[in-house]
Amino acid sequence: MGGAGCHPQHVPQSGGATGFPITYYPRMAAPSTAGRDQADRFEADDRARRQAEWRLTWAITGIVMLISFVFGWIIATGEPWMGGVQGIVNSALISIPVCRFELAGRRWPVLRAIRDWPFSTLLLAKIALYLVLIVVATQFTRLLMRPLDPQTLGFDRTFFQILVFAGIMSLLVNAVIEVGRLLGFSVLRDLVTGRYHRPRREERVFLLIDMKSSTVVAERLDDLDYHKLLNAFFRDVTDAALDHDATIHKYVGDEAILTWRAEDALTQARCVLCAFSVRKRILAKAREYERRFGMVPEYRAALHIGTVVAGEMGDLKREIAFVGDTVNTAARLLSASREIGSDIVASMTLLDRMELPSWMARERVASIALRGKQQAVPLAGLKIA
C-alpha cells in the first residue's frame, strides 16, 4: 500500500484506545505543490456556497412566480395577462428577499445576534417583517403597473386577496427551507422525487467528524452550555457540508455523519476538503468560542468509500437509511486515528481514487486490522503541507 520500496513494520500493541493491531508504513512524500494554494481553495469554497444559495433562491423564486402568474390571471379585474404579469413582479419582489433572509441571513451579524431568541419571539419578528415586506412590495407593484393597468392604491378587496396569497406563499417558502435544513435539501429532494422509495445499491463516501475530549468538556460545562457548544460546533460542520455539497446523514451524540454519492465526493476532492473546511470555520470563530465556552473545540475525522444499500425507512418519521459495512468501517478508522496520531484520516481505498490538492499531504500510512475482516484496512493521516 505504500508503493514500491515501502516495507511495513508491525508495531505490537498492549491495548490502546482501540485495541487494533496496527502496521505502520514509511512516511509518503507530499504531493506536488503546483496548483492553487489553500487560501484560494477556501475562498472558492465560500463562493461555491453562495452560488448554491443563489441557485436555490432562483429555483424557489421561479416556482413562486409561475404560481403567482396563475393567481394574478384569475383575480385580474382588467386584462388577465396584465394580472399575471403583476403577479410575477410582485412575487419576485417578495420571494427573493425572503429566500435570501432564510438562506444567507445566518451570516449577517445582526441576525446572528438574534438567532438565540426564543422561538415564539423570533417567529413573531419574522411574521412582522414578512408583513411589512408584502405590503410594501404589493403597493410598489401596483404603482409600477398603474400606467399599463389603471388601479387603485387603496386597501381594497384585491389588495387583501394579494396579501393573503403572498402570506401563504411566504410561509410555504419558509417551510420548505426549514424542512430542507432539517433533513438536508438533497434528502428532501430525494424524498419528494421518490429516488429511494425502493432500496438501491450506491457507492458512497462517508465522513465522520467527532469532537475531541467531549466527555471532559461536558463535565466542565453545565448541560445547557454543553448543548450550546455542540450546537455551535455542528453549525460549523453544517456550513462546511453546504460548502462541499455534502448531505448531513445524522448527528450521534458529539459526532456528525456526512455523506456524498461517490462521483460527487471525488470531484475536486470535495470530501477531503470538507474535513479541513470545518477547522477553518472553527478557527474563524475562535474568539467567540473562547468567550462563550472558555475553549475552542477540536475534532477528529475519518473518511471511507464503499457500497451501501440506500432506501427510505420508517413510517411516522421517515429518513434515508444507509445499510452496509462502510459506515462501520469509517467509525473504526475514526477510532484508529488516535493510534497513528492524525486528526484527519482516510482509507487508502478512497485516497487512491482522487488527487489531493497541492497544499495537502499524506502524513502517515498505516494498516489496521478490524474485527470481522480477514484483511487489514490501509489508511493515511492527512495534513496541510
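The values are calculated or read from the model by the stated rules, or taken from the named source; none is laboratory data. Everything numeric here is computed off the predicted structure, so don't read it as measured data. Note: ideal-geometry Cβ built from the backbone for every residue, glycine included; neighbour counts use all protein chains shown.
To keep it simple, each residue is scored yes or no on (1) in contact with a strand residue (DSSP E or B) (Cβ under 6 Å, 6 or more places away or on another chain); (2) assigned to a strand (DSSP E or B); (3) exposed (fewer than 15 other Cβ atoms within 10 Å of the Cβ).
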| position | (1), (2), (3) |
| --- | --- |
| Arg287 | no, no, yes |
| Arg292 | no, no, yes |
| Thr307 | yes, yes, yes |
| Lys317 | no, no, yes |
| Arg332 | no, no, no |
| Ala336 | yes, no, no |
| Ser342 | yes, no, no |
### Query
Filter region 126-151 for residues that are in a helix (DSSP H, G or I) and among the charged types (D, E, K, R); which is modelled with the lowest pLDDT?
Lys126
### Query
What number of residues within region 102-122 are surrounded by fewer than 12 Cβ atoms within 10 Å (Cβ to Cβ), part of a helix (DSSP H, G or I) and either modelled with pLDDT of 70 or more or in contact with a helix residue (DSSP H, G or I) (Cβ under 9 Å, 6 or more places away or on another chain) (or both)?
2
### Query
Residues Leu273, Leu258, Leu242, Leu224: which one is crowded, with 17+ Cβ neighbours inside 10 Å, of a type outside the set (Gly, Ala, Ser) and over 17 Å from Phe185 (Cβ atoms)?
Leu273
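Residue-wise test of (1) in a helix (DSSP H, G or I); (2) out of contact with any helix residue (DSSP H, G or I) (no Cβ under 7 Å at 6 or more places or on another chain); (3) within 18 Å of Leu350 (Cβ to Cβ); (4) not acidic (Asp, Glu).
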position	(1), (2), (3), (4)
Phe233	yes, yes, no, yes
Val237	yes, no, no, yes
Ala241	yes, no, yes, yes
Thr259	no, yes, yes, yes
Gln268	yes, yes, yes, yes
Cys274	yes, no, yes, yes
Arg281	yes, no, no, yes
### Identity of the residue in region 164-198, in a loop (DSSP other than H, G, I, E, B), exposed (fewer than 14 other Cβ atoms within 10 Å of the Cβ) and out of contact with any Asp or Glu (no Cβ under 7 Å at 6 or more places or on another chain), that ends up modelled with the lowest pLDDT
Gly194
